Amino acid sequence: MLEQIKGIKLKGANFVNQTELNLFNSPNDKVAKVALAYERNGSGKSTISNAFKKAKGENILNIETVNLYDIDSHEISIGEFGDKAIFVFNEGFVNDKVKIQEEGLGSIIMLGEKADLTVKIEQATKKVI
């Protein structure tokens, strides 16, 4: 089902009217599909990534509508598979899940839940000082 996704239709944030974006070429590719958006600031990259998060079922307030579609423009519902098959690595993900500490002897990089430890360490350090 997810391998059939050709694109996304969305309305909200930077996209005032419903906009259709063909992000993937062939639904018959046997490799993992990836779309990398590299563009100037304000061009809609975060809006598009947030639309995919909304398609997964997350509450994204500034995205009004979102639909994934196949090569024949039929709507695809990802339902319960979304969290297991669609991953959005955007600025929000980096801010929430990746912390880089550059002070001291060398950089320490913490990912995922471990990134929350940075805040706890900083709070504990402030209490000691």
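Just a few scattered comments:
- Sole residue being without any contact (Cβ under 8 Å) to a residue 40 or more places away in the chain and not in a helix (DSSP H, G or I), chosen from E58, E64: E58
For (1) modelled with pLDDT of 85 or more; (2) part of a helix (DSSP H, G or I); (3) exposed (fewer than 12 other Cβ atoms within 10 Å of the Cβ), each residue gets a yes or a no:
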site	(1), (2), (3)
V16	yes, no, yes
P27	no, no, no
A32	no, no, yes
E80	no, yes, yes
F93	no, yes, no
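The values are calculated or read from the model by the stated rules, or taken from the named source; none is laboratory data. Computed from a predicted structure; not experimentally measured. Reconstructed Cβ throughout: ideal geometry from the backbone, glycine too, with neighbour counts over all protein chains shown.
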